[in-house]
1. Out of 276, 268, report the one residue that is at pLDDT below 95 and under 21 Å from residue 21 (Cα atoms).
2. I'm trying to understand the selection: among the residues of the range 200-233, which are under 21 Å from residue 175 (Cα atoms) and free of Cβ contacts under 8 Å to residues at least 40 places away in the same chain?
3. Is there any pair linking a residue in the range 283-301 that is touching a residue at least 24 places away in the same chain (Cβ under 8 Å) to one that is part of a helix (DSSP H, G or I) and surrounded by 19 or more Cβ atoms within 10 Å (Cβ to Cβ), with Cβ under 8 Å and at least six apart or on different chains, and which?
4. If you take the residues in the range 293-313 that are in contact with a strand residue (DSSP E or B) (Cβ under 7 Å, 6 or more places away or on another chain) and surrounded by fewer than 20 Cβ atoms within 10 Å (Cβ to Cβ), which one is nearest to residue 129 (Cα to Cα)?
5. May I ask you to say which residue of 324, 348, 356, 330 is touching a residue at least 12 places away in the same chain (Cβ under 8 Å) and part of a helix (DSSP H, G or I)?
6. Counting only residues that are in contact with a strand residue (DSSP E or B) (Cβ under 9 Å, 6 or more places away or on another chain) and surrounded by fewer than 21 Cβ atoms within 10 Å (Cβ to Cβ), which one in the range 97-114 is modelled with the lowest pLDDT?
7. Please determine whether any residue of the range 173-180 is touching a helix residue (DSSP H, G or I) at 6+ places or on another chain (Cβ under 6 Å) and not in a loop (DSSP other than H, G, I, E, B).
């Protein structure tokens, strides 16, 4: 099987993608062929050399680099299936795509829509599920309709920002209804890019402006004095065949993040090796572990997720209330990432996890291909 591993991209998480992709490349069974496709920060796609794959497999501490060559520039042909990816030298003959991309232009439904148009199997959620889960406001709306507890919030849009009177009214609502401290987050950015904690009106104003450099919608949330719990989920929630265990929706053993920064920000996640302590399983009761796994599956199904997701929770330290924070449909796959670590703790080793995700992708593609699209 020829697996196209795509990484990099137009995202604030470009560098993280290079590290995740390297871990995935090493975990793919060597009986398969791995075709590397690197996306530059300005969005151009290039086929990478086989030597780059060999380098990554030999050195477990390094990450991918993207080599730009006009000869290896990639074009995509809609509807061409295995022959959808081409260079000047012809088709790459791809069987399945593993998009090791995080954040915008990777986790937000854009590449999923492109791969749907190309008519080729890919790992991860569908176009619509990816787009919904990337948008924190839309995710909260769906979770609320499914009666899954969420943190109180107010969403501010750029059109509000452009209307000074309306902006002042919403700004005051945030303070009056939610109260300090507050978390400010771009609605559609990942890895805590543009996220900050405000304790005063001055900080709230400053951090809102920073968040609006990342997105046209910004979420203001009540800051919960919380423990951060995460749960890995795999499976195909809309197409699962009960006779095929590979597609069964399954939640794994939850883990706990104990950040040593003000909160679990970008630096704590990726730059500071001592930025957080990761506990797997989470230091919570057996009953609460099962409750979290149950809610994680409910949320996964409510949003029609498939392939994989990491479902993130808060437990209020003051009240013990459980809240679902967000769902990450292409979570980190680095050596310190929680998603593969939680799966491994449940007995699903990294290479087996990669194989499971590939099997899921192909089965979901077959189910979708059987649908009628014209008369």
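1. Numbers: 276 fails: under 21 Å from residue 21 (Cα atoms).
Matching residue, one of 276, 268: 268.
2. Those that are under 21 Å from residue 175 (Cα atoms) and free of Cβ contacts under 8 Å to residues at least 40 places away in the same chain: 200, 201, 202, 203, 204, 205, 206, 207, 209, 210, 211.
3. Pairs found: 284/292; 299/143.
4. Only one residue tops the list, namely 297.
5. Details: 324 fails: part of a helix (DSSP H, G or I); 348 fails: part of a helix (DSSP H, G or I); 330 fails: part of a helix (DSSP H, G or I).
The unique qualifying residue is 356.
6. Just the residues of the range 97-114 that are in contact with a strand residue (DSSP E or B) (Cβ under 9 Å, 6 or more places away or on another chain), to begin with: 97-102, 105-107, 111-112, 114.
Now drop any that are not surrounded by fewer than 21 Cβ atoms within 10 Å (Cβ to Cβ), which leaves 105, 114.
Details: 105: 94, 114: 98.
For the range 97-114, the residue satisfying everything is 105.
7. Just the residues of the range 173-180 that are touching a helix residue (DSSP H, G or I) at 6+ places or on another chain (Cβ under 6 Å), to begin with: none.
No, the range 173-180 has no match at all.
Residue by residue, here is whether (1) under 13 Å from residue 219 (Cβ atoms); (2) assigned by TED's automatic domain parsing to the domain that holds residue 79; (3) within 16 Å of the chain's Cα centre (by Cα) holds:
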site: 94; (1), (2), (3): no, yes, no
site: 104; (1), (2), (3): no, yes, yes
site: 112; (1), (2), (3): no, yes, yes
site: 138; (1), (2), (3): yes, no, yes
site: 141; (1), (2), (3): yes, no, no
site: 164; (1), (2), (3): no, no, no
site: 168; (1), (2), (3): no, no, no
site: 176; (1), (2), (3): no, no, no
site: 181; (1), (2), (3): no, no, no
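The values are calculated or read from the model by the stated rules, or taken from the named source; none is laboratory data. Fair warning: this is a prediction, and the values are worked out from it, not measured in the lab. In this analysis, Cβ positions are derived from the backbone assuming ideal geometry, glycine residues included, and neighbour counts consider all displayed protein chains.
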